[in-house]
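Structure in structure tokens, see below.
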Amino acid sequence: MSLYDLETERVIREIKRLKVDVVGLQFPEGLKTRAVELAEIIESETDATALISADPCFGACDVSDRKMKGMADLIIHYGHTPFPIDYEVPVIFIEARSGVDVRGVLEDAARLLDGHERVGLATTAQHLHLLDEAASFLEERGFEVVKGSGVNTAEGQVLGCNFSAIRNTDADAYLFIGSGNFHPLGIKLLTGRDVVVADPYHGEVRRLDEFADRVLRIRFARINRASSASRWGIIVSSKEGQRRFKLALEVKRKLEAAGRDAFIFLLENVSPEALLPFREIEAFVVTACPRIAIDDSQIYDRPLLNPSELEIALGEREWEDYVLDEIIS
Ligand code: SF4
């Protein structure tokens, strides 16, 4: 049995109901291995032809609607919840709820949270259905549990660029249910509070402090190095949900007012190779996905900063006032 519920019966029902000729299928990296199997089922159970998006996809900021327009009548997008975007082809979002059992890691998580009274819960689309169970578990052990409401996200849901669900929770500590450091790092950077990760896939529970400290030290070094750069690049994404051109123009004006040269670069996928030809540029500001500068910084030969980090580099913001860049709306 699969770990994720891909709601195949519902998908088939909708394809038949809408009399779809071509259905676009888009998956996050972790689910791409299921693509061919799903296409096979869909093509045998319906009259539709499947069109699989093979490009990388990391969020609903990057639905293939514009690329598939004129080819697909409907897109099934797996693993994410909708962005506030007018998609150009109808899209059905399948959260891909995980069937993993969370109880095993909650016991250890409660031990690490000991000493805190008010605990904020956070997770990703795949585990939203586990939050009630986690809340009851912690409440039975005397914790006050809070699940915040997000802007364009569900209760307790965080994206790598949208932590609005925890912003006003004012918890003493946060429990993130899921795997990896990507989302809990954002919670740590935003709140500065204790963040405990309960990873039901690896049966592992850990604090994030050491990892977050390491990331902040790297950010400090990058900002420091960039501060003396005289020629800057500003990266704008052509992905609909990441496109912040107005912000890029503001950044350009800010840099020019500070006596620096600044040029805007339009990119779909930001990568070290794509930036390689622009050797004169000493540092970049990323207005695309806010996580590129933070999570991928090690692979770039020049500093990549977020717009708020640029303010620190230009002396307009104190390091102590470090803020996380987000795309909320
Ligand atoms: S902008 Fe980045 S963090 Fe936000 S949904 Fe897209 S890939 Fe994820």
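The values are calculated or read from the model by the stated rules, or taken from the named source; none is laboratory data. No experiment lies behind these values; they were computed from the predicted model shown. Here Cβ is always computed from backbone atoms with ideal geometry, including for glycine, and neighbour counts include all displayed protein chains. The protein model used for the area step is the full one, side chains on, heavy atoms only, and it has no ligands, DNA or RNA in it. Shrake-Rupley method; radii C 1.70, N 1.55, O 1.52, S 1.80 Å.
Taking amide hydrogens as modeled 1.01 Å from N in the peptide plane, which residues meet the under 5 Å criterion relative to Ile264, leaving out close sequence neighbours?
Ile234
Give me the distance in nm between label points sitting 7 Å out from Cα along the Cα-to-Cβ direction at Asp296 and Glu29, one decimal.
It is 1.0 nm.
On to the next question. Please report the equivalent ellipsoid semi-axes of the stretch 213-321, computed as sqrt(5 x eigenvalue) of the Cα gyration tensor, largest first, in whole Å.
Working: eigenvalues 69, 53, 39 Å².
Calculated on Cα positions only, the semi-axes equal 19, 16, 14 Å.
Another question, if that's okay. Quick check for you: which residues of the stretch 20-58 have the amide N under 19 Å from the point 7 Å beyond the Cα of Asp73 toward its beta carbon?
20-26, 39-53
Given points 7 Å out from each Cα along the Cα-Cβ axis, report the Trp319 to Arg118 separation in nanometres with one decimal.
Output for this residue pair reads 3.0 nm.
Now for a separate question. Treat every Asp and Glu Cβ in the chain as -1 and every Lys and Arg Cβ as +1, leave all other atoms uncharged, and give the resulting dipole magnitude about the Cα centre to the nearest 20 debye. The partial results should precede the final answer.
Values: 39 positive and 56 negative charges, 208 e Å.
Using Cβ point charges on Lys, Arg, Asp and Glu, the chain gives about 1000 debye.
For a 26 Å ceiling on Cα separation, which of these pairs sit above it: Lys32/Lys67; Lys69/Lys254; Lys16/Lys69; Lys147/Lys239; Lys19/Lys239; Lys188/Lys252?
Working: Lys32/Lys67 18 Å; Lys69/Lys254 37 Å; Lys16/Lys69 20 Å; Lys147/Lys239 30 Å; Lys19/Lys239 29 Å; Lys188/Lys252 29 Å.
From Lys32/Lys67; Lys69/Lys254; Lys16/Lys69; Lys147/Lys239; Lys19/Lys239; Lys188/Lys252, over 26 Å: Lys69/Lys254; Lys147/Lys239; Lys19/Lys239; Lys188/Lys252.
Moving to a separate point now. What translational diffusion coefficient, in µm²/s and rounded to a whole number, does the Stokes-Einstein relation yield for the chain at 37 °C and a viscosity of 0.692 mPa s, taking the hydrodynamic radius as the Kirkwood radius over Cα pairs? Please list the in-between numbers first.
Numbers: Rh = 21.4 Å.
D = 154 µm²/s.
Once you have the Kirkwood Rh of the stretch 245-301 from its Cα pairs, apply Stokes-Einstein at 20 °C and 1.002 mPa s and quote D in µm²/s.
Working: Rh = 12.3 Å.
After rounding, the answer is 174 µm²/s.
Next up: Residues of the stretch 140-179 with the amide nitrogen closer than 17 Å to a label point 7 Å from the Cα of Arg207, along Cα-to-Cβ, please.
Answer for this model: 172-176.
Quick one: net charge of Glu95's neighbours, Cβ under 9 Å, K/R +1, D/E -1?
Details: positive: Arg97; negative: Asp5, Glu7.
Result for the neighbourhood of Glu95: -1.
Could you compute Rg(Cα) / (2.2 N^0.38 Å) for the stretch 4-96, with N its residue count?
Working: Rg = 11.8 Å, N = 93, 2.2 N^0.38 = 12.3 Å.
The stretch 4-96 yields a ratio of 0.96.
Another question, if that's okay. So what's the back-of-envelope 222 nm ellipticity for the chain, counting only DSSP H runs of four-plus at -39500 (n - 2.57) apiece and dividing by all residues, rounded to 500? Intermediate values should be presented prior to the final figure.
Working: 12 runs with 107 residues, N = 329.
Calculated at 222 nm, the ellipticity per residue is -9000 deg cm²/dmol.
Oh, and also: How do Trp319, Trp232 rank by accessible surface area computed with a 1.4 Å probe, from largest to smallest? Don't skip to the answer; put the middle values down first.
Numbers: Trp319 70, Trp232 0 Å².
I get Trp319, Trp232, largest accessible area first.
Separate question: Can you list residues whose amide H is under 5 Å from Ile52's amide H, if they're 5+ apart or on another chain and H is modeled 1.01 Å from N?
So Ile52 has HN proximity to Leu25.
Any chance you could list P(r) for the stretch 108-220, counting all Cα-Cα pairs in 5 angstrom bins from zero, rounded to whole %?
The distribution over the stretch 108-220 is 2, 13, 25, 28, 20, 9, 2, 1, 0, given as percents.
Something else now. For Arg217 and His129 in one chain, what is 0.36 nm times their gap in residues minus the Cα-Cα distance, to one decimal in nm?
Details: separation 88, 0.36 × 88 = 31.68 nm, distance 3.54 nm.
Using 0.36 nm per residue and subtracting the Cα-Cα distance, I get 28.1 nm.
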